[in-house]
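Structure first, commentary second.
Every number here is computed from the coordinates shown, using simple stated rules; none is lab data. Quantities reported herein were computed from a predicted structural model and do not represent experimental measurements. Virtual Cβ from ideal backbone geometry, glycine too; neighbours counted across all protein chains shown.
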């Protein structure tokens, strides 16, 4: 008989806790889509081994101990017990094989980012401070090819070649956010959805947009990149809220 799994059997426990908190809060903000979306975090130097949510488990229930370990270089991954969702494997496997700078990756079909991804022009103009965060820091995929199985996932991964660009607007699909840590990546996901919402709601007014000049937009983006510890404090506060509520995310 196998020994029961305990937290001592699991590696990268703090990263697991952070990811679980990000899953829970993404569900609370309704940025997820049923059981279809996925996050990952690289746990070896070249990024090819990573943590990921279990196949089609709702974000609102995911605990630190639920996360599975996946090897992007193992072609038998989908044939093994506890295999990830095939599209999660295709998209995140391809990303972690080809983009070692993408330590953490979060893919969602959040409402406003997906509306933006559905427009013929999916650019996000710098119409406010949040939108300016992403000035010249977004890549747009113009060639959606269906569900993100392996070939489609490999194609998408090739678009993340510029390390400055950590957001992919996946045309006709959703958004992929990458970063160095769970906190950084979740913070970027949160602010991108807020920015997309601001832009879409501004378009709905039918009024002319007040777009920042390029130099001010770039200055603002750099200032926000250098702003101290906001991403870490953001996630830390969310974990404190979950803890106060008695959540089991950290189990």
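Filter segment 37-63 down to the residues that are surrounded by fewer than 15 Cβ atoms within 10 Å (Cβ to Cβ) and either closer than 21 Å to residue 113 by Cα or touching a residue at least 60 places away in the same chain (Cβ under 8 Å) (or both) and list them by number.
Those that are surrounded by fewer than 15 Cβ atoms within 10 Å (Cβ to Cβ) and either closer than 21 Å to residue 113 by Cα or touching a residue at least 60 places away in the same chain (Cβ under 8 Å) (or both): 58, 60.
Is it the case that residue 243 is within 21 Å of the chain's Cα centre (by Cα) and either over 30 Å from residue 12 (Cα atoms) or part of a helix (DSSP H, G or I) (or both)?
No.
Consider residue 187 against the criteria (1) without any contact (Cβ under 8 Å) to a residue 60 or more places away in the chain; (2) farther than 24 Å from residue 100 by Cβ; (3) surrounded by 17 or more Cβ atoms within 10 Å (Cβ to Cβ): it satisfies all of them except one. Which criterion is unmet?
Status for residue 187: all satisfied but (2).
Applying the selection to segment 49-76, what residues are part of a loop (DSSP other than H, G, I, E, B) and more than 17 Å from the chain's Cα centre (by Cα)?
Selection gives 63, 72, 73, 74, 75, 76.
Select from segment 81-113 the residues that are more than 20 Å from residue 47 (Cβ to Cβ), surrounded by fewer than 23 Cβ atoms within 10 Å (Cβ to Cβ) and either within 12 Å of the chain's Cα centre (by Cα) or in contact (Cβ under 8 Å) with a residue 40 or more places away in the chain (or both) and list them in ascending order.
Of everything in segment 81-113, those that are more than 20 Å from residue 47 (Cβ to Cβ), surrounded by fewer than 23 Cβ atoms within 10 Å (Cβ to Cβ) and either within 12 Å of the chain's Cα centre (by Cα) or in contact (Cβ under 8 Å) with a residue 40 or more places away in the chain (or both) turn out to be 86, 109, 111, 112.
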